[in-house]
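The values are calculated or read from the model by the stated rules, or taken from the named source; none is laboratory data. Small disclaimer: the values here were computed from a predicted structure and weren't measured. All Cβ positions, glycine included, derive from the backbone under ideal geometry; neighbour counts span all protein chains shown. Ligands, DNA and RNA are excluded from the accessible area calculation, which covers all protein heavy atoms including side chains. Shrake-Rupley method; radii C 1.70, N 1.55, O 1.52, S 1.80 Å.
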Amino acid sequence: MPEPTPVTSRRGLLFGTAAVSAGALLVGCTSNDTKSEKPAANDQPAADDKPGKHVTIGFAGPQADHGWLNAINDNAKSRAKKYGDVTLEITEGSNDTAAQIGQIETLINKKVDVLVVLPADGKALTQVGLKAMRAGIPVVNLDRIFNSPQAYRCWIGGDNYGMGLSAGRYIGEKLKGKPNARVIELAGLDNLELTKQRTQGFDAALKNYPNIRKVARQAAEFTVESGQSKMAQLLQAQSRFDALWNHDDDQGVGALRAIKQAGRDDFLMVGGAGALSAFQAIKADDGVLKATVLYPPTMAASAIDLARALGQGKGVGGLAEFEIPASLTLYSAVVDKDNVGQYMSTGFR
C-alpha cells in the first residue's frame, strides 16, 4: 500500500501499532451502558458513558492475512461492542481492489451513517471514498490514505517516519558512549514508500550521534521466512555490530531464529510494530531484543470512536473544537522492559 502521503501508511496490499490508545485520545462523545467485555485495546473505558444517537458504522478493510491486519479487525469489532448505540456493519475484507470497492458500495447503498475504510490500495479506492462523501456519508480513512482529502472527513493512522526516528533515538542513546559504534538495518519491502520513510527517519535520528555509523542495510518482505533468510545474510556479512533495527516484528520472528542459529548475542535489537511475541521477548529480557517501536492496531478502535462521534455530531474530549480533527497521526512510542506491561494487552498475534 505505498501511497504518496502527507501522513504515512503501513504496508502494501498484504500488510498493514500508539502511544495513543483506543481510549486515551478520544472521543468526547457518548455511550449507554458499560459492558463487561474486555476493552479493545487496554483497560481504559470507552469514551464516556452518556447514551447518544444510534449510529450505524460500516467498516471495510483488506483481507486479514497478516497479524497486524487481523488485530485491526479485532480492535474495530471489540470497540464497537462497547457501545450500545453503535451497530457495526463489517465486510469480509479483500485485497482485490474491485471486490473491496463493491463491498464499500454495498455499505453506501445500505445508507450507513459513517464509513471506516482501510483501503487495500488508497489510490485505487479514492473514487469510492469520494462517492460516499458525496452521498453524505462521512468517511474515516484508516491508515492507508486516499489520494484526495475530499475522499474522507478524517484520517487516522501511524507514523512510519516517526518509527524510524524512535528506533534511531533509542539506539543512539544506548550507544552514545561507545566509540565507533556500528549499526545495521533489516528493512521491509523496498518498493513501499513506508519502508523508505522508516529508513529516512532512522537515518535522520542517527545523524545526532556522530559516533555511530550504519554499516549495512538489507530489505526483507515483512514475513518470518524473509526475516530469517535476510538476517542470516547480514550476520554472515557483518562479523561485528552493536545494534540492529528491524522494521517489523513479524519478520523479526525469523530474524531472531537466524540470530539464535548463529549463536550471536553481542548486540541489541529493536523491532517495529508491536507484536505480542516481541513484547513477551522484551519482558523476558533473555535475548538481544530489547525494545520495539509501535505502529498500533489500536488505531482501528480509535477510528470507531471517531466514526461514532461523527455520527452523533460530537467533538474530541479534551479539545476546544466542536468538530473532530481532519487527521490524527499516532505517536510511535518505544516499548522496552520498563513499560512493556502497559502495552502487553495491545500486542497483536
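The table for this structure:
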quantity	calculated
Per-q log10 I(q)/I(0), the stretch 116-197, q = 0.16 Å⁻¹ (Debye; single scatterer per alpha-carbon; no solvent)	-0.70
Ordering of 52-62, 258-268 by burial proxy (mean other Cβ atoms within 10 Å per residue, highest first)	52-62, 258-268
Alpha-carbon Rg with Dmax, taken over the stretch 268-349, Å	16.0, 50
Long-range HN-HN contacts of Ser327 with modeled amide H, under 5 Å	Trp155
Per-selection Kirkwood Rh - the stretch 192-261 (Cα, Å, 1 d.p.)	12.8 Å
For the stretch 221-226, 3J(HN,Hα) per residue [Karplus equation, 6.51 cos²θ - 1.76 cosθ + 1.60, θ = phi - 60°, Hz, x = Gly/Pro]	10, 6, 10, 4, 4, 5
Gln233-Asp203 pseudo-label distance in nm [points 7 Å out on the Cα-to-Cβ vector]	1.9 nm
Per residue Cα convex hull volume in Å³ - calculated over the stretch 151-279	116 Å³
Accessible surface of the chain [probe 1.4 Å, protein heavy atoms]: carbon and sulfur percent	48 percent
Ranked packing of 213-226, 235-248, 317-330, most packed first, by mean Cβ within 10 Å	235-248, 213-226, 317-330
In nm, spacing of pseudo-spin labels at Lys50 and Gln342 (7 Å Cα→C-beta vector)	2.9 nm
Gyration tensor (alpha-carbon) shape descriptor, the stretch 185-229, a/c threshold 1.5	oblate
Per-residue ³J(HN,Hα) for the stretch 300-308, Karplus 6.51 cos²θ - 1.76 cosθ + 1.60, θ = phi - 60°, Hz, x for Gly and Pro	5, 5, 5, 5, 5, 4, 5, 4, 5
Residues whose placed amide H lies under 5 Å from that of Lys214, excluding near-sequence neighbours	Val183
Phi to ³J(HN,Hα) by Karplus 6.51 cos²θ - 1.76 cosθ + 1.60 over the stretch 333-349, Hz, x for Gly, Pro	6, 8, 10, 10, 5, 6, 10, 4, x, 5, 9, 3, 6, 8, x, 9, 9
Relative compactness, the stretch 201-349, computed as alpha-carbon Rg over 2.2 N^0.38 Å	1.26
Ordering of 136-142, 64-70 by burial proxy (mean other Cβ atoms within 10 Å per residue, highest first)	136-142, 64-70
Cut-off 16 Å (backbone N to label point 7 Å along Cα→Cβ of Val215), residues of the stretch 238-260	238-245
Normalised contact order of the stretch 206-349, rounded percent, pairs of Cα under 8 Å and 6 or more residues apart	20 percent
Tensor-based shape of the stretch 219-296 (alpha-carbon gyration tensor, a/c under 1.5 rounded, otherwise prolate or oblate)	oblate
Residues in the stretch 293-312 reached by a label modelled at Thr87 [backbone nitrogen below 19 Å; 7 Å Cα→Cβ]	304-305, 307-312
Relative contact order (%) - the stretch 110-245, alpha-carbon pairs under 8 angstrom, separation at least six	22 percent
Using a Förster distance of 30 Å, the FRET efficiency for Tyr331-Lys283 (Cβ separation, nearest 0.05)	0.90
Stokes-Einstein D for the chain, Kirkwood Rh over Cα pairs, 10 °C, 1.306 mPa s (µm²/s)	78 µm²/s
Links that overshoot a 28 Å alpha carbon limit, given the list Lys81/Lys290; Lys260/Lys337; Lys230/Lys290; Lys81/Lys337	Lys81/Lys290; Lys81/Lys337
Cα-Cα P(r), the stretch 82-220, percent of pairs per 10 Å interval	11, 31, 22, 18, 13, 5, 0
